[in-house]
Amino acid sequence: MLPELHSILNLLEGGFGQLKVLVIGDIMLDRYIHGDVERISPEAPVPVLRHARRYERAGGAANVAMNLAGLGCQTFLGGFWGSDSEQAELAAILERAGIDTVGVVSTSLPTISKTRIVGRTQQLLRLDIESRDTPPAAEAQRLQNRATELVPKVHAVILSDYAKGSLSSALCEAIIRTARTAGIPVLADPKTPDFSKYNGATTVCPNLGELAAATGIPAHHTNDLLAAGQALVTEHDLKFLTVTMSEKGISVLRPASVYHSPARAREVFDVSGAGDTVIATLAASLAGGLQVETAVELANLAAGIVVSKVGTVPIAAHELVAALTPSSGLTAGEKILDLERIKLRVAEWRASGETIVFTNGCFDLLHVGHITLLEDCRRFGSKLVLGLNADASVCRLKGPTRPIVSERERARVMAALAAVDAVVLFEEDTPLELIRALKPNVLVKGGDYTIETVVGHEDVIASGGRVEIVPTVEGFSTTNIVKKLTENSTQSEEIQK
């Protein structure tokens, strides 16, 4: 279980939406052309690709921005792009993601693009379109002006450096100076061996190869390399160095300490874009107030998710929520949600392909019949939401002597059960409005019901779901327990007389 899990879930379920993050760097368009290779060309010894599909995605600094948007952050992007078809395609992708491109400067140079030709799952060729020229001085100054104007308005800044000319030393120095004055963290992703352009940043995030290039120590000499990385923290006036180590995980280096987060075991399909996901998640987490170690653990989890996909695919908040909320991994208190939070949680689970099951009841004095019902419910899906009658609702339904156990205590008891993924209280006599808000895939009721008599059945069926009726365990009910306790108490009083 990750530390600060409650804080992490708060950020993923709305908190990130309050944060503004600026990404400055080399903006690119990633284009993919997929097809099948079945023969060799008669014209030259090269494979012939029969085109099947083509798609475009944001790349470079734009992919960092896409990851931030996927987490829910208010994202601002700065850099250069041209006036060409690649710019139009890239602008449309960013606009759909809600990314503000106010910091982007139009230049006379072409928009950087990378076209990957893929035969089934094997990349055959990559075609890059870019200029070797640096942006004109006037355009560079325009970018610096826009960037330094934006920095004080955000909660974190990322320098996404792909060594394509957008991030000059002068620009990095101006951004870092402005951010430090305002107390805003700056994270840099380097592609050059000289880290001096990032002096004063909060952290620099090299991979092992980049750190090896910066220190002159071979990447396979891991201990010596990390020790040299610790020296860079002081040399470049950083708070810490964040080293991504592929299948080994992520290490946080400070002058006198090393914190290591092992990689989250997943099947790896494509590592492209994983570094962008790490720095985006790390920046958002630090901006949200998480401790560095917690932020790194979350970034590591996010990277493990994106490398299991093909191509450059950004992280999404719902994927992290799904990974963080297996029933066994949450405390009882973390499973008890109000209406707004349960709506978000269910939407995130659904987006991750989970099947949502809903059942409801008073659950006053937990007994074996309740346990059996919940275990039966779990068979119908992967996430079980329990609607729990609040005290006022129970009193109206059961009489003035009920409930015996208060709603707060009942909620914690029910949330502690492994079969239950979330508990939400409702004040009404029936859970109809809650069912309409959550739209579960499966609505389950125990007892002598028919589908037509189950509250909410019309809404669930109309939205494509189904209703399941499960038998109750004979002889077990809260009423019977109360009756037996009363009888025993009466008999005890008579004996004492």
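The values are calculated or read from the model by the stated rules, or taken from the named source; none is laboratory data. Keep in mind that what you see is a predicted model, and the values were worked out from it rather than measured. Cβ atoms come from the backbone with ideal geometry, glycine included; neighbour counts cover every protein chain shown. For the accessible areas, the whole protein counts, side chains as well, though only heavy atoms, and no ligand, DNA or RNA atoms are used. Shrake-Rupley method; radii C 1.70, N 1.55, O 1.52, S 1.80 Å.
Table for the structure above
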{"item": "Radius ratio Rg over Rh of the stretch 40-95, counting only Cα atoms, Kirkwood formula for Rh", "result": "1.20"}
{"item": "Per-residue SASA entry for residue 382, accessible area with 1.4 Å probe, Å² rounded to 10", "result": "40"}
{"item": "Label zone at residue 168 (point 7 Å along Cα-to-Cβ), backbone N below 20 Å, the stretch 79-94", "result": "79-83"}
{"item": "Paired Rg and Dmax values of the chain, which use every Cα atom, in angstrom", "result": "28.1, 109"}
{"item": "Candidate aspartates and glutamates for bridging to residue 398, where Cα separation is under 12 Å - those fewer than 8 sequence places away on the same chain excluded", "result": "364, 429"}
{"item": "Separation between Cα centres of the stretch 317-387 and the stretch 399-454, rounded to whole Å", "result": "11"}
{"item": "Cleavage-rule hits, GluC sites (Glu not before Pro), the stretch 353-430, DSSP coil, Cβ neighbours within 10 Å at most 16", "result": "427, 428"}
{"item": "Label point distance in nm, residue 137-residue 88, each placed 7 Å from Cα along Cα→Cβ", "result": "3.5"}
{"item": "Kirkwood Rh and Cα Rg combined as Rg/Rh, the stretch 323-471", "result": "0.93"}
{"item": "Rounded Å value of the spacing that divides the Cα centres of the stretch 156-173 and the stretch 72-89", "result": "15"}
{"item": "Accessible surface of the stretch 46-129, 1.4 Å probe, proportion on carbon and sulfur as whole %", "result": "51"}
{"item": "Antiparallel content of DSSP bridges confined to the chain, in %, to 5", "result": "35"}
{"item": "Accessible area in the full protein assembly, largest first, 1.4 Å probe, for 126, 132", "result": "132, 126"}
{"item": "Label-point gap, in nm, between residue 264 and residue 145 - each point 7 angstrom along Cα→Cβ", "result": "4.3"}
{"item": "Share antiparallel - DSSP beta bridges, the stretch 1-148, percent rounded to 5", "result": "55"}
{"item": "Residue 395 versus residue 219: modelled label distance in nm, points set 7 Å from Cα along the beta carbon direction", "result": "6.7"}
{"item": "Under 5 Å, built H, 5+ apart or other chain: amide partners of residue 104", "result": "79"}
{"item": "Fully extended contour minus Cα-Cα distance, from residue 427 to residue 458, at 0.36 nm per residue", "result": "9.0 nm"}
